[in-house]
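A short worksheet on the structure shown next.
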Amino acid sequence: MPYDAHTDPDQLRALLRDTARHDAHAFRALYDATSPKLFGFALRVLHKHELAEEALQDGFVAIWHAAATYQPGLAAPMTWMATIVRNKALDVRRRQGDEGTVEIDAAAFDRDVVEALAATANGPAEAHQCSVDAQALARCMDTLERRHRQAIGLAFFHDLTHGEVAQQLALPLGTVKTWIRRGLDKLKTCLTRGEVA
């Protein structure tokens with residue numbers, strides 16, 4: 001199929017699906033369609049062009065490798081990609097000297113994603129959909145126990161393996177896997193039913 005740089009969520013989902021099959025053409029189209037918005041998002045976090053470019057590059061490497069894990073039922077494509085880029089930007093910021101344990105703050109996540117995506121959306125309808133999706137994900141993340149939320153955040157938003165999450169949290173691998181599995185089940189239920197704690 002020919003890829004159009006002016007993509008809607010359905011087109012982005014198709015590009016992500018093809019990217020998951022290691023289709024370089026689809027990945028390039030995905031990059032062309034979304035990188036201006038995602039760069040703006042990274043810039044809001046980092047405030048420096050060169051650092052935002054680094055976060056964007058890291059984010060797209062992660063998107064290439066993680067495309068097969070994208071679940072349309074959990075987030076819109078731009079929300080999912082923005083989450084990856086946001087967390088890569090936070091990684092860059094930490095490397096600049098802001099060390100510490102990663103915490104997923106649902107309120108900050110909600111505010112950052114909603115504001116950035118709404119500010120860079122093509123139009124009111126897209127901005128509204130991104131806002132609704134981001135708020136739903138953030139609210140559902142907030143229903144999880146703090147350490148479960150942290151484990152999921154490290155695994156999915158920071159692209160760490162389960163083993164790396166276990167190492168960072170100083171926990172047995174089996175515990176981390178159980179927390180992530182249970183947390184994802186709860187997130188899926190929350191997003192499907194529209195439950196908010």
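The values are calculated or read from the model by the stated rules, or taken from the named source; none is laboratory data. All values reported here derive from a predicted model rather than from experimental measurement. All Cβ positions, glycine included, derive from the backbone under ideal geometry; neighbour counts span all protein chains shown.
Computed values, structure above
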{"quantity": "Unique match (being at pLDDT 75 or above, within 18 Å of the chain's Cα centre (by Cα) and surrounded by fewer than 18 Cβ atoms within 10 Å (Cβ to Cβ)) among T178, T189, T161, T83", "calculated": "T161"}
{"quantity": "Enumeration of residues in the stretch 127-149 that are over 15 Å from the mean Cα position of the chain (by Cα) and either modelled with pLDDT under 65 or of a type in the set (S, T, N, Q) (or both)", "calculated": "A127, H128, Q129, T143"}
{"quantity": "Test: residue in the stretch 104-118 that is modelled with pLDDT of 65 or more and buried (at least 18 other Cβ atoms within 10 Å of the Cβ)", "calculated": "no"}
{"quantity": "Selection status of L43, in a helix (DSSP H, G or I) and at pLDDT 90 or above", "calculated": "no"}
{"quantity": "Residues (crowded, with 17+ Cβ neighbours inside 10 Å and more than 18 Å from the chain's Cα centre (by Cα)) located in the stretch 12-50", "calculated": "D18, A26, A29"}
